[in-house]
Amino acid sequence: MAVRLAVDLGLHLDPEPYVQANLISAEEGMIRKVIWAGVFVHDRMWSLYVGRPVALDDKHITVKFSTQEDNPSRARKYWSPYTDNEGTELPRLVDSIHELSIWNVNLCAHMTAIRENLYPDGITDPKSARQLFQFAIQKGDDLLNWLHSLPTSLAVNDIDKDAYYLPHVLQLHMQYHTIRIITFRPFFASVKTLPGLTTAEIATGRNHCTSSANFMAKLIQTYRRLHSLRRINVQAVHLVFTATLIHVFTACAATDPTRSNNAWKNLELCCQALSELGMAFKSASRALEVIMGIKSDLLRRSKSKIKRQNPWDDIAEDAAPAPSKKRRPTNAESDLIQTHQSPQSQGSFDYGLSFGETDPAFSLFDTAYDDFSLETLFWGGYNNLELPHVPPHDP
């Protein structure tokens, strides 16, 4: 409804020609762009969350947001909390809300292409797994360039416990990592379900998801420590839920103890965050129920089929070692444990991996089913939730 009203008012059109023609004032042109920025970000994030097409295609939008259009005459404003914190001494920080809105719009501009290529509504132009993976890699590079181009006022290159971050800056980085997870999540699956891709390429996609999910946990913890989650924007429900999906699968299915233990800690942290968010937003409570259902399903499947061969490996059944009571890691897994313990697996921003065609298989998960997908478990758990009971009406 907000998009339809904004389009009726022409807020999606570039106001600069009208300002130069003295048809509207520069202040009115700026106000129109600010309002459209909020509508645009909300529409793109909500559409990506629920999996629906955007309300207005990019080709119809002519308004431009440049990172260089900062007004030097603008009065500098300092951030202050919305609540009364007289007893708390907070650092005096410049509120970079103007810069943040522009960079947020530029970030959301990537979402349409991601949804249309990786999560299309219909199979009108089918693409191979190779083509989709190449698109994800290119889009991942674009997102990384966006991150490295952020101004100092919006940068969170590493979580410093002694530093103070503004709440909207932390949520902007949560949004970035959520989009990155969604970009590579289609490749967070079994090797057998992605024909045409090598194990090293699938390993790259999984590493992007887990690295962003790990850093998301740090951002959530920092936000909770500095500002609490009681008054965070409702958009955070989607952000936390997306990262929690990665943590629950990694925690229940990772063969590397270091990665599994780290995922369990992050899973607990994210579940606590969803629980706190559930006090204000019912969607967070529902998301937490979905996560608990997925975790129970994963643990049940892994226990019932623990003796089956790992479908994530490309090892033939006749070449696999005889099962024993205590499973020993394969050579490929032993080699990759060192990789998991590298800074790349701890949520750093260097996503350039050095996997080659001759590298061993990324035997991260020891699952017991071939046709696994996060979407299948998610929608299965989501649809199996009990809805409020409504008595039938007599005709």
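Of the residues 166, 194, the single one that is among the hydrophobic types (A, V, I, L, M, F, W, C) and modelled with pLDDT under 85 is 194. Per the listing 273, 213, 217, the residue uniquely farther than 15 Å from residue 181 by Cβ and in contact (Cβ under 8 Å) with a residue 12 or more places away in the chain is 273. The condition of being closer than 30 Å to residue 78 by Cβ, in contact with a Ser or Thr (Cβ under 7 Å, 6 or more places away or on another chain) and touching a residue at least 60 places away in the same chain (Cβ under 8 Å) holds for residue 178.
Residue check: residue 212 meets all listed conditions (1) more than 23 Å from residue 280 (Cβ to Cβ); (2) crowded, with 24+ Cβ neighbours inside 10 Å; (3) out of contact with any Gly (no Cβ under 9 Å at 6 or more places or on another chain) but one, namely (3).
Of the set (1) surrounded by fewer than 16 Cβ atoms within 10 Å (Cβ to Cβ); (2) part of a loop (DSSP other than H, G, I, E, B); (3) modelled with pLDDT of 80 or more, all apply to residue 63 but (1).
Among the candidates 230, 224, 259, single out the residue that is in a loop (DSSP other than H, G, I, E, B), on the phi < 0 side of the Ramachandran plot and either touching a residue at least 12 places away in the same chain (Cβ under 8 Å) or not assigned by TED's automatic domain parsing to the domain that holds residue 166 (or both). Every option except 230 fails the conditions. Looking across region 237-258 at every residue that is within 19 Å of the chain's Cα centre (by Cα) and surrounded by fewer than 23 Cβ atoms within 10 Å (Cβ to Cβ), the one that is nearest to residue 288 (Cα to Cα) is identified as 238. For residue 6, the conditions (1) of a type outside the set (Val, Ile, Thr); (2) surrounded by 14 or more Cβ atoms within 10 Å (Cβ to Cβ); (3) modelled with pLDDT under 85; (4) more than 26 Å from residue 149 (Cβ to Cβ) all hold with the exception of (3). Does region 224-233 contain any residue that is hydroxyl-bearing (Ser, Thr, Tyr) and more than 16 Å from residue 168 (Cβ to Cβ)? Among the residues of region 224-233, not one is hydroxyl-bearing (Ser, Thr, Tyr) and more than 16 Å from residue 168 (Cβ to Cβ), which makes the answer no.
The values are calculated or read from the model by the stated rules, or taken from the named source; none is laboratory data. If you're wondering where the values come from, they're calculated on a predicted model, not measured in any experiment. No Cβ is skipped: glycine too gets one built from the backbone with ideal geometry, and neighbour counts run over all protein chains shown.
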